[in-house]
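*Asks:* Dumping the structure here so I can ask a few things about it.
The values are calculated or read from the model by the stated rules, or taken from the named source; none is laboratory data. Keep in mind that what you see is a predicted model, and the values were worked out from it rather than measured. Quick reminder, even Gly has a Cβ in these numbers, built from the backbone with ideal geometry, and neighbours come from all protein chains shown. When the accessible area is computed, the model is the full protein with side chains, heavy atoms only, and any ligands, DNA or RNA have been set aside. Shrake-Rupley method; radii C 1.70, N 1.55, O 1.52, S 1.80 Å.
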Amino acid sequence: MGKLYPYLFSKDARKQAEFYEKALNGEIVDVKTFSEAPDMPEEIKDRVMHLVLQAAGQHFFMADDVKGETKAGTNLNLVLEFSSEDEARQA
């Protein structure tokens, strides 16, 4: 059975995650910034490339919208993860 992960994009993913961490008694378990990727522009190096928040038995993925295109209703993607290609094809 696949796992479903909501992926939220915002102007400040770290700040948003810290809010949900407190509100939902969760934990930020991983943060990756653009500084960890090669050849990134200096102005985005401290921005969040990928963040994992665990709360209410669910993992939430988050990232900063570095292009500035996020607006209400367009800031959520859903990610399905399967344990194998065969499982994904049968879904």
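*Asks:* Among all residue pairs at least 6 apart or on different chains, which show Cβ distances below 6 Å where the first residue, located in region 1-21, is more than 12 Å from Leu53 (Cα to Cα) and the second is modelled with pLDDT under 95 and among the hydroxyl-bearing types (Ser, Thr, Tyr)?
*Replies:* Phe9/Thr70
*Asks:* State all residues of region 9-32 that are over 27 Å from Glu85 (Cβ atoms) and among the aliphatic types (A, V, I, L, M); if no residue qualifies, say none.
*Replies:* Ala13, Ala17, Ala23, Leu24, Ile28, Val31
*Asks:* In region 1-16, which residue that is over 28 Å from Ala88 (Cβ atoms) and not in a strand (DSSP E or B) is least open to solvent (accessible area, probe 1.4 Å)?
*Replies:* Out of the qualifying residues, it is Gln16.
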